[in-house]
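Presented below is the structure to which this report refers.
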């Protein structure tokens, strides 16, 4: 099962005012992507009886998307599926989050995921690249290739941005933060600038490890993503947006 893969600790993307403590180092190998059923750990969440005819939304991400430490129905992809049904936009959700995943890992398993014929792919990767201090140019290249291949397969893309805390240095953090809006503009895809807004750095919304959101924190992440998903599904998205 994907949740049992070795985990690369993911740093919460803490706002400048809240960031503190030493840089977190790798304490486990990165989970290697492999062709395993996308229903593990989170089964596709159908929001209507005839699920096969619903739009398919794949969430390509890391432990934040997988909902590490929580039940699969508490992770933001499942919560979004429920909220979209309430808004009259039922979808079939496939949670393709792998704990410890990097942009390279996401790219390596993308081809198999695209065989699920998704209508939308939500890309929430890059934080583990930053944690490991990998070159921003490398992450940028991987994200671009993920977006291009997804678009070539006929699916729409929603990009979820991340941030690094200031203890990684002003040059690295600024380049990392600028990567997402630049990719969104160049490839004409909608962008949520920071998926953890309102959650990162808040002790009450994160688990005891101080890294992964609680069930309540995941609800806020789902709320952050919801309006972007609604626009995409209604064909009203603002492409290349960094708002």
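Readers should treat all values here as calculations from the given coordinates under stated rules, not as data from a laboratory. In this text, all values refer to a predicted model and were calculated from it rather than measured experimentally. When we count neighbours, we look across all protein chains shown, and the Cβ atoms used for this are built from the backbone with ideal geometry, even at glycine.
By how many nm would the segment from residue 172 to residue 53 grow when fully extended, if each residue of separation counts as 0.36 nm and the alpha-carbon distance is taken off?
Separation in residues times 0.36 nm, less the Cα-Cα distance, equals 38.4 nm.
If each Cα of region 154-243 is one equal point scatterer, what is log10 of I(q)/I(0) from the Debye formula at q = 0.18 Å⁻¹?
With no solvent term, the Cα-only Debye profile gives -0.87.
Label points 7 Å out from Cα along the Cβ direction at residue 204 and residue 112: separation in nm?
4.1
What is the distance, in nm, between label points placed 7 Å from the Cα along the Cα-to-Cβ direction at residue 197 and at residue 73?
Once both label points are built, they end up 3.0 nm from each other.
Quick one: grab the alpha carbon gyration tensor of region 36-233, order the square roots of its eigenvalues as a ≥ b ≥ c, and give me rounded if a/c is under 1.5, else prolate or oblate depending on whether a/b is larger than b/c.
Note, shape of region 36-233 comes out oblate.
Take every Cα-Cα distance within region 163-205, group them into 5 Å bins from 0 onward, and report for each bin the whole-number percent of pairs it holds.
5, 21, 20, 22, 18, 10, 3, 1
Which order do the peptides 225-233, 92-100 take when ranked by the mean count of other beta-carbon atoms within 10 Å per residue, highest first?
Going by the mean number of other Cβ atoms within 10 Å, highest first, we get 92-100, 225-233.
Among 131-141, 185-195, how do they line up by average Cβ neighbours within 10 Å per residue, starting with the highest? Before the final figure, lay out the partial values.
Numbers: 131-141: 16.5, 185-195: 18.9.
Descending packing order for the listed peptides: 185-195, 131-141.
Considering only DSSP beta bridges whose two residues both sit in region 36-233, what percent are antiparallel, to the nearest 5? Spell out each step's value before the answer.
On the way: 4 of 21 bridges.
That works out to approximately 20 percent antiparallel.
Using 7 Å Cα-to-Cβ label points, what is the residue 231/residue 86 separation (nm, one decimal)?
2.1
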